[in-house]
Every structure is written in structure tokens, then in C-alpha cells.
């Protein structure tokens, strides 16, 4: 796409961003909005990158910066300079970023220094834990943005309390609802992950753990695994753990003894992971995105952290925050199993991407009716 056709430039760099921005890309296609995609390369392995574009039938990014790993500062700095070069060439009206990664921070900084507006998708999330790099990233992005697309009214309230003008804030719902709604049936049709791992629906639990606060601390990581394994041993459920490359490296580096009750497997592509989430009896996770997805899918969630930036999942009864102490993990999981799963989805009606384009003047007007939370 030529630069003079570019109304929106979308900056992404990780698996969650690809998935959550896929509906926005689709909406641009459907509305004939000129757009380009910058992939920073923050996630750079095939299982966390290319396969998601293929499965979601997304066009190859117009720009792949291939930044790769590094310290937070060096990675973010390299991204800022490279993104700026693209934006100077394309001169988009709006730059969209999503979430709380270093790619979000870099895209927000680069765009805010130039003559283009910044739109932050999934604005207003707060864990109130400033030790988390993600918290710093999302706060900076929110205060740099011209358009703040809050997934829920609670997120919008946090933004108002921080003094952000109300005219910049739009409650859109969360684009993950758009994505899950679109791809859940496809995952059920095409995925063979249950057969591949000899799993039966509602007879296994899913574990994900990759956050630095957990996997970079050998004591926390070991405690987390022991707690999940203890629950598995007492309940009789299988536990499958698709291991993020970062976590796999830490298991090897720390020589962590993974309990027999926890079955390690390779990282999963989007459709296979969605199938695991939708058929698991229970999800253990330290991922914010997985908390949302489990809530939308009606799968009880136990969050292996001390806080969450998705309080709506707790409020509707879909999620429990338990930390990493084994006794708390077991207690939280038992409680989750006894809780009805007919909670209301707090993240919207699956039309968030349309509302985002409407808010920047590039799409059809969509009513806010149906946006819950």
C-alpha cells in the first residue's frame, strides 16, 4: 500500500497484539480504510509470530523491524527510531497501538513526536503495581494518546480519575471478544490438539506461565508449579502446560524440577490454544489476555499473580487471584470448580473494532449499546 493511501498505521509486535488487532485490520479491509502494519519483531519465533498471521488470514506486515530481544530500554529505544522512520515516510493520520508491551510504548512515543494522532486500544487497564514494566508502558501510552479506547466502563473511570479529558475516551469493548467470536467455531472445526495430547473436554486443566515476575524467580516459579501439581494430584485432572520460550529457557537455566502432574508441551498456535481454553475445566495463568479469553469462553480462571489489571473478570466471578503459594492455588482452584460458569461477559458485544474506526472518523457509526462493564 502506498504511503498516500495510509490513514492508519498499526504497530504490533507480540502474539496478543496480533490477535487483538486482527479485528481492526479486518475492519479496515471491510471499510476500505487505507492502513499499514508495522511489526516490531518483539516476538520473533515462528510459533509466536508468523503462524498467527497465517491462521488469522492476515496480510504480511508492510514493515518488519526485526528488533528482537534486549533490555527493556535498548529494545524500546531501537523500536522508537525504526518506527519513526516508517511514520515519516507514510505520514498516517492515526497510529494505533494495543496493550502494554514495549512495542506499545515505542509506537506511542514515536507517533506522539510527529504530526499524527495516537490511538491506544485497550486503554485504562491498571494493576496499580508500578514494579510491572507493563504498568509503566500502559500508563505512558494512555497519557500520550489522543484516542483512548477503553474496553470497559471501569477502565474509562480509571482514565478520568487520572485527569484525562473525557472527550478523548471511548468505551469500545475489547477486541478480544471480536476475535474469540470470530475464531472459536473455526478452532473447534480445525484444531486436533485434544487428540494430539489425548485430552477430553472438561477433564483437564490448562496452565500458562510466562511473566517475568514468576519465571525469572526460581522460587516463585517452582512454587507455582508445585501448587498446580498438588491440585492436579488431589483432583485427578490432567494439567497441560504449553511452554512459552521464555519460560522454557528459565526451566533449563534454573534446573527446575517440573512435577510429573504437569505435562509440558510446545507453545501452541492460536486456534489450538483457543481450543484448549474453551474445553479446559479450569485455566491457571499469569497472563492478562488469558484471563480475558477464559472469561469470554466461560472457563473458570485461577490467576497466579498478586494482582490483576482485569478486575472485571473477578467481579463477575470468572477469576480468582491467588498468587503462587501452593495452598492458595489449591484453595482457589477448588473454589473455582464450584462456581457456576454462567457469568456475564464484561468485555462487549464483538463490535469493538468497528467502534474504534468510528471514533477516529474512518468507519460506520456503531452504537455503544451492547458494551458492558
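Restricting to region 158-172, and then to whatever is touching a residue at least 24 places away in the same chain (Cβ under 8 Å) and over 30 Å from residue 329 (Cα atoms), can you tell me which residue is surrounded by the most Cβ atoms within 10 Å (Cβ to Cβ)?
The initial filter retains those residues of region 158-172 that are touching a residue at least 24 places away in the same chain (Cβ under 8 Å), namely 158-159, 169-172.
This time we only want the ones that are over 30 Å from residue 329 (Cα atoms), so: 159, 169-172.
Values: 159: 23, 169: 22, 170: 20, 171: 24, 172: 30.
Filtering region 158-172 for residues that are touching a residue at least 24 places away in the same chain (Cβ under 8 Å) and over 30 Å from residue 329 (Cα atoms), the one surrounded by the most Cβ atoms within 10 Å (Cβ to Cβ) comes out as 172.
Which one of the conditions (1) surrounded by fewer than 24 Cβ atoms within 10 Å (Cβ to Cβ); (2) closer than 24 Å to residue 169 by Cβ; (3) in contact with a helix residue (DSSP H, G or I) (Cβ under 6 Å, 6 or more places away or on another chain) does residue 34 fail to meet, given that it meets all the rest?
(2)
Among the residues in region 184-204, are any surrounded by 14 or more Cβ atoms within 10 Å (Cβ to Cβ), touching a strand residue (DSSP E or B) at 6+ places or on another chain (Cβ under 8 Å), modelled with pLDDT of 95 or more and assigned to a strand (DSSP E or B)?
Yes, region 184-204 contains at least one residue that is surrounded by 14 or more Cβ atoms within 10 Å (Cβ to Cβ), touching a strand residue (DSSP E or B) at 6+ places or on another chain (Cβ under 8 Å), modelled with pLDDT of 95 or more and assigned to a strand (DSSP E or B).
Checking the conditions here, which among 299, 313 is modelled with pLDDT of 95 or more, closer than 19 Å to residue 278 by Cβ and outside any loop (DSSP other than H, G, I, E, B)? Show your work before the answer.
On the way: 299 fails: outside any loop (DSSP other than H, G, I, E, B).
That would be 313, the only listed residue that is modelled with pLDDT of 95 or more, closer than 19 Å to residue 278 by Cβ and outside any loop (DSSP other than H, G, I, E, B).
Say we look at region 319-334 and pick out the residues that are closer than 12 Å to residue 231 by Cβ and crowded, with 20+ Cβ neighbours inside 10 Å; which of these is nearest to the chain's Cα centre (by Cα)?
As a first pass, look at region 319-334 and keep what is closer than 12 Å to residue 231 by Cβ: 322, 326-334.
So of that shortlist, the ones also crowded, with 20+ Cβ neighbours inside 10 Å come out as 322, 329-330, 332-333.
Details: 322: 20, 329: 23, 330: 25, 332: 23, 333: 22 Å.
If we take residues in region 319-334 being closer than 12 Å to residue 231 by Cβ and crowded, with 20+ Cβ neighbours inside 10 Å, then 322 is nearest to the chain's Cα centre (by Cα).
Take the residues in region 104-126 that are in contact with a strand residue (DSSP E or B) (Cβ under 6 Å, 6 or more places away or on another chain) and assigned to a helix (DSSP H, G or I); name whichever of them is surrounded by the fewest Cβ atoms within 10 Å (Cβ to Cβ).
112
Would you check if there is a residue in region 55-78 being in the same structural domain as residue 157 (by TED's automatic domain parsing), in contact (Cβ under 8 Å) with a residue 40 or more places away in the chain, on the phi > 0 side of the Ramachandran plot and surrounded by fewer than 19 Cβ atoms within 10 Å (Cβ to Cβ)?
No, region 55-78 has no match at all.
Which one of these does residue 292 not meet: (1) in contact with a helix residue (DSSP H, G or I) (Cβ under 6 Å, 6 or more places away or on another chain); (2) part of a strand (DSSP E or B)?
Of everything listed in (1) in contact with a helix residue (DSSP H, G or I) (Cβ under 6 Å, 6 or more places away or on another chain); (2) part of a strand (DSSP E or B), residue 292 misses just condition (2).
How many residues are outside any helix (DSSP H, G or I) and either in contact (Cβ under 8 Å) with a residue 24 or more places away in the chain or within 16 Å of residue 200 (Cβ to Cβ) (or both) when one looks only at region 261-274? Walk me through how you get there before you give the answer.
The initial filter retains those residues of region 261-274 that are outside any helix (DSSP H, G or I), namely 261-269.
So of that shortlist, the ones also either in contact (Cβ under 8 Å) with a residue 24 or more places away in the chain or within 16 Å of residue 200 (Cβ to Cβ) (or both) come out as 261-263, 265-269.
Qualifying residue count for the region: 8.
Give the residues of region 127-164 that are within 24 Å of residue 362 (Cα to Cα) and outside any helix (DSSP H, G or I), sorted by residue number.
Listed by number, the residues that qualify are 145, 146, 147, 148, 149, 150, 151, 152, 164.
Check off (1) assigned by TED's automatic domain parsing to the domain that holds residue 39; (2) surrounded by 24 or more Cβ atoms within 10 Å (Cβ to Cβ); (3) outside any loop (DSSP other than H, G, I, E, B) for residue 179 and give me the number that stays unchecked.
Of (1) assigned by TED's automatic domain parsing to the domain that holds residue 39; (2) surrounded by 24 or more Cβ atoms within 10 Å (Cβ to Cβ); (3) outside any loop (DSSP other than H, G, I, E, B), only one is false for residue 179: (1).
Within the group 230, 277, which residue is more than 30 Å from residue 53 (Cα to Cα), in contact (Cβ under 8 Å) with a residue 40 or more places away in the chain and either part of a helix (DSSP H, G or I) or touching a strand residue (DSSP E or B) at 6+ places or on another chain (Cβ under 7 Å) (or both)? Spell out the reasoning first.
On the way: 277 fails: more than 30 Å from residue 53 (Cα to Cα).
Of 230, 277, the one residue that is more than 30 Å from residue 53 (Cα to Cα), in contact (Cβ under 8 Å) with a residue 40 or more places away in the chain and either part of a helix (DSSP H, G or I) or touching a strand residue (DSSP E or B) at 6+ places or on another chain (Cβ under 7 Å) (or both) is 230.
The values are calculated or read from the model by the stated rules, or taken from the named source; none is laboratory data. Computed from a predicted structure; not experimentally measured. Cβ atoms come from the backbone with ideal geometry, glycine included; neighbour counts cover every protein chain shown.
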